[in-house]
Ligand code: ADE
Ligand code: ZN
């Protein structure tokens, strides 16, 4: 039995496996510039975040209809459930789809079709987090927030993702203020490739409750101390860090030192179709390579529920 856990850092578009990409391409008459799944998999060699993002956005072309988003999400939930995920807080990138001509409603309704039956079908409770692309303008993010207002009963929170360096959190101050006024929860990617100062800014300017990645906090002892004191959860993604070369090898990952320092770390999969594994695979990898004990793994699982947006009663049931 895999350890029951919550997945808090998962981009639904990053769960698009090559087989489903080709199936959807055929269904929608979209030509992919790869002969087959094997050739596509060979493209999964990344130098950094941007080289991954280029492929991630390119492959999204196969997602066209509500049913495509529902099929993608249902396939993810089945995989996650098999690896012990009981609760998933799922990111999506609306602008990556609306800029291709899709309606926001197609995306949200499609995701919802799978999410609304997830507990019954997979035993996985869910939340939806709408991310803004930080390499697009703040005006585009604000327009996206306004366009999402009819769907806010389905959206728990907002996040910030895509190319980090050069796009500091402060760029999105007004958008986060507007989201807070709408009662939305707030998270943001910070300190993945960007400097520790972006983590501080995400906390102080955007008011985030969790930091996605936050890995580079280890470069700033005063920041680590603050994150420990304020019990700020970090959603780490070890296999992602290796594939995007933010750490040299998994054996060099600072997760054990971060836990020793008292940080509220969680282990997540980010874009599992691209980075070699889902939540359970990430747990297995850190157990095998970083030698984490059973107690440490249980702490990580416990942290995942603590850091989730579940209410206390739901949290107890999910564990
Ligand atoms: N979008 C999808 N995966 C991402 C990541 N790891 N960092 C930033 N943006 C992303
Ligand atoms: Zn991410």
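Quick notes
- Extreme residue, nearest to residue 62 (Cα to Cα), among residues of region 1-22 that are away from ligand 2 (no atom under 16 Å from the Cβ) and assigned to a helix (DSSP H, G or I): 21
- Screening the candidates 116, 103, 89 for the property of being within 16 Å of ligand 1 (Cβ to nearest atom) and out of contact with any helix residue (DSSP H, G or I) (no Cβ under 8 Å at 6 or more places or on another chain) yields one hit, 89.
- Residue count for region 223-242, restricted to those that are within 16 Å of ligand 2 (Cβ to nearest atom) and either closer than 16 Å to residue 188 by Cα or outside any helix (DSSP H, G or I) (or both): 5
- Search result, residues across region 37-51 that are away from ligand 1 (no atom under 13 Å from the Cβ) and either surrounded by 13 or more Cβ atoms within 10 Å (Cβ to Cβ) or touching a residue at least 60 places away in the same chain (Cβ under 8 Å) (or both): 37, 40, 41, 43, 44, 47
- Test: residue 16 is out of contact with any helix residue (DSSP H, G or I) (no Cβ under 6 Å at 6 or more places or on another chain), touching a residue at least 60 places away in the same chain (Cβ under 8 Å) and crowded, with 16+ Cβ neighbours inside 10 Å: no
- Boolean, residue 245 is at pLDDT 95 or above, within 16 Å of ligand 2 (Cβ to nearest atom) and more than 27 Å from residue 76 (Cβ to Cβ): no
- Check on residue 209, out of contact with any helix residue (DSSP H, G or I) (no Cβ under 6 Å at 6 or more places or on another chain), touching a residue at least 12 places away in the same chain (Cβ under 8 Å) and surrounded by fewer than 24 Cβ atoms within 10 Å (Cβ to Cβ): yes
- Within the option set 138, 120, 147, 114, being under 23 Å from residue 209 (Cα atoms), at pLDDT 95 or above and either buried (at least 19 other Cβ atoms within 10 Å of the Cβ) or out of contact with any strand residue (DSSP E or B) (no Cβ under 6 Å at 6 or more places or on another chain) (or both) holds for one residue only, 138.
- Some residue of region 23-31 being on the phi < 0 side of the Ramachandran plot, surrounded by 15 or more Cβ atoms within 10 Å (Cβ to Cβ), within 16 Å of ligand 2 (Cβ to nearest atom) and part of a loop (DSSP other than H, G, I, E, B): no
The values are calculated or read from the model by the stated rules, or taken from the named source; none is laboratory data. Note that the structure is predicted; figures quoted are calculated from it, not measured. Every residue, glycine as well, gets a Cβ built from its backbone with ideal geometry; the counts of neighbours run over all protein chains shown.
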